[in-house]
Amino acid sequence: MEHFSTGAAPWWHSAVVYQIYPRSFADSNGDGIGDLRGIIAHLDYLRELGVDVVWLSPVYRSPMVDNGYDIADYQDVDPVFGTLADLDELIAGLHARGMKLVMDLVVNHTSDQHPWFQESRDPSSPKRDWYVWRPARPGMEPGTPGAEPTNWACFFGGGCWQYDEASREYYLHLFASSQPDLNWENPEVRAAVYEMMRWWVDRGVDGFRMDVINLISKTHPLTDGYVAPGDEYSYEIGKVVDGPRMREFLQEMHREVGLSGLFTVGEMLMVSVENARDYTDAGAGMLNMVFAFDHMMLDQEPGQLMWNYKPLHLPDLKRTLAQWQYGLADRGWNSLFLENHDYPRSVSRFGDDSPEHRVASAKTLATVLHLLKGTPYVYQGQELGMTNAGFTSIEQYDDIESQQMYRHAIEAGATQQQALALLAVRSRDNARTPMQWNAGEHAGFTTGTPWLRVNPNHVDINAEAAIADPGSVYHHYRRLIALRHESEAVREGRFDLLLPDDDRLFAYTRTLGQQRLLVVANLSGDPTKLPAEELPDLAGATVVLATHEPTAPVLQPWESRVYALAP
Ligand code: TEU
Ligand code: CA
């Protein structure tokens with residue numbers, strides 16, 4: 001990777017990351033669940049795509065209540081995914097092909113099956129204080145309605161305190177009740193986490209994607225939040241993110257684990273641009289970059305997290321992305337993503353997944369994202385333009401969040417039909433259907449019965465067909481990735497948004513010295529004329545990359561172009 005970096009820029013400024021959700025990537029042994037040997041069998045596919053880094057969602061030992069985001073042993077591989085030896089082989093196979101491996105690090109919480117938590121259940125145990133235990137609300141009988149220590153909602157719906165009969169106290173869980181929050185105020189907890197991280201670094205991993213890392217510092221004492229009319233719990237999660245010790249904890253981790261030179265990205269809910277700039281400041285010794293979600297929240301009403309829906313207004317998306325581009329222009333660094341394992345497929349959500357526009361809209365979404373400044377992430381199947389799952393009954397869903405949200409919606413008075421309609425656009429399982437390798441049975445994902453239904457559209461949308469078709473979404477991604485590797489203007493150029501209020505066109509420039517790139521994209525299904533008077537002069541410009549045969553000055557539905565402007 002070194003050969004791409006120029007000057008003093010760190011290696012990861014030129015990197016493109018590919019996220020693997022191991023359960024859904026490739027199954028090697030016919031049990032219907034993806035595994036490490038399945039990934040090992042597809043390393044050349046990743047090399048051909050051109051990505052530099054693989055982020056592996058959790059493969060640790062886990063009861064799988066949240067598909068591995070509930071860890072029972074941080075230093076072992078779950079048998080369903082394989083063995084530590086398989087993981088060593090995966091690391092070696094990636095390194096041999098010039099790629100790096102980034103592990104998911106889930107340390108805001110553990111599984112309730114983790115030995116630490118098992119011990120912590122005993123009030124006299126030295127590990128009691130490793131988790132967040134609290135007595136009932138003063139004056140209330142423990143275990144009765146409303147006696148929870150605070151009124152906070154958990155991220156999966158419902159309250160965030162689990163009552164423990166045996167000790168007559170509650171423990172905090174910001175996610176499922178089987179995911180108790182660790183107490184980061186306790187230095188022993190932090191030391192144990194750093195030791196575990198060092199063990200992985202010594203094993204050869206190249207960095208960490210840190211799950212909900214800005215939840216580790218809570219604002220103490222824990223106090224009630226605002227409850228909106230009609231809600232049972234407080235969704236004022238400003239109370240739990242970015243607590244006062246965040247900088248201290250991140251710097252301590254960086255120092256104690258020895259993270260410099262490694263790849264680090266912190267998943268941060270509700271993080272502000274200002275905080276993100278501090279966390280990712282190159283000199284601050286915290287993180288390379290964070291995942292911020294402002295742009296992923298624009299098609300919902302604020303309040304009950306993501307469990308409602310409103311249509312996306314394109315100027316909102318542009319303004320939000322631009323705010324982060326400008327905010328981290330000189331200090332800090334952005335991550336760029338439209339998909340991961342927690343959100344619907346971007347072509348179904350922000351594009352148009354009808355047969356007429358799927359390919360063009362997937363390509364154009366990729367163009368506008370990959371030409372921004374930052375590190376782009378490709379979520380498995382995004383490079384094929386994979387679409388939402390299309391499930392129509394609750395039995396087809398597996399995800400704990402989807403199940404819980406469905407139940408809460410029904411309890412709150414929604415009809416089954418309404419609740420299912422919400423899941424169809426919102427559920428995380430939309431992104432978790434098995435990777436579509438070919439047109440054959442189960443899309444080539446498994447010879448057994450897949451753990452989650454394969455999308456029937458795999459007969460048309462699959463890797464084999466995409467590789468064979470030079471006009472595919474896949475080849476567009478290859479070109480975008482190659483362009484980033486070749487072009488310093490793509491990596492380091494200054495970003496300037498054009499046409500902020502246009503509700504069809506997304507246009508911006510990237511400028512580095514004399515080099516200037518212009519991106520113009522039609523994010524609508526209507527042919528749209530480029531407003532020449534509001535754009536830079538195209539005389540002498542060359543087309544670097546395009547979705548269609550460019551026939552200026554009208555952009556076809558979902559057409560995008562990247563121009564190199566004449567100096
Ligand atoms: O996700 C945190 C997070 O942002 C999600 O809870 C999100 O709010 C929701 O899923 C959107 O529907 C991380 C992991 O990425 C997720 O898979 C885990 O379930 C969660 O943390 C708990 O570890
Ligand atoms: Ca398997």
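Of the residues 321, 262, 287, the single one that is farther than 29 Å from residue 154 by Cα, in contact (Cβ under 8 Å) with a residue 12 or more places away in the chain and away from ligand 2 (no atom under 16 Å from the Cβ) is 262. From the list 41, 26, the one residue that fits, being within 16 Å of ligand 2 (Cβ to nearest atom), of a type outside the set (Val, Ile, Thr) and surrounded by fewer than 17 Cβ atoms within 10 Å (Cβ to Cβ), is 41. Each residue in the range 75-112 was checked for being in contact (Cβ under 8 Å) with a residue 24 or more places away in the chain, within 13 Å of residue 60 (Cα to Cα) and out of contact with any strand residue (DSSP E or B) (no Cβ under 6 Å at 6 or more places or on another chain), and 10 pass. Across the range 16-74, the number of residues qualifying as more than 13 Å from ligand 1 (Cβ to nearest atom), among the acidic types (Asp, Glu) and over 17 Å from residue 94 (Cα atoms) comes to 3. Take residue 544 and decide whether it is in contact with a helix residue (DSSP H, G or I) (Cβ under 9 Å, 6 or more places away or on another chain) and not acidic (Asp, Glu). Considered against the rule, which asks whether it is in contact with a helix residue (DSSP H, G or I) (Cβ under 9 Å, 6 or more places away or on another chain) and not acidic (Asp, Glu), residue 544 comes out as yes. If I filter the range 116-124 for residues that are within 14 Å of ligand 1 (Cβ to nearest atom) and either within 17 Å of residue 201 (Cβ to Cβ) or at pLDDT 95 or above (or both), do I get at least one hit? Checked against the condition, which is being within 14 Å of ligand 1 (Cβ to nearest atom) and either within 17 Å of residue 201 (Cβ to Cβ) or at pLDDT 95 or above (or both), the range 116-124 yields no hits at all.
Mind checking which helices (runs of 4 or more DSSP H) fall wholly inside the range 344-428 and carry at least 1 residues that are more than 20 Å from the chain's Cα centre (by Cα)? Qualifying helices (runs of 4 or more DSSP H): 358-370, 400-411, 416-426. Exactly one residue out of 35, 31 is within 16 Å of ligand 2 (Cβ to nearest atom), among the acidic types (Asp, Glu), in contact with an Asp or Glu (Cβ under 9 Å, 6 or more places away or on another chain) and touching a residue at least 40 places away in the same chain (Cβ under 8 Å): that is 35. For the range 307-329, the candidate set comprises residues that are part of a loop (DSSP other than H, G, I, E, B) and in contact with a helix residue (DSSP H, G or I) (Cβ under 9 Å, 6 or more places away or on another chain); within that set, the residue that is surrounded by the most Cβ atoms within 10 Å (Cβ to Cβ) is 328. Residues that are surrounded by 14 or more Cβ atoms within 10 Å (Cβ to Cβ), within 16 Å of ligand 1 (Cβ to nearest atom) and either β-branched (Val, Ile, Thr) or in a helix (DSSP H, G or I) (or both) do not occur anywhere in the range 443-455.
The values are calculated or read from the model by the stated rules, or taken from the named source; none is laboratory data. Since the structure is predicted, the reported quantities are computational estimates derived from the model, not experimental observations. Here the Cβ is made from the backbone with ideal geometry for all residues, glycine too, and neighbour counts use every protein chain on show.
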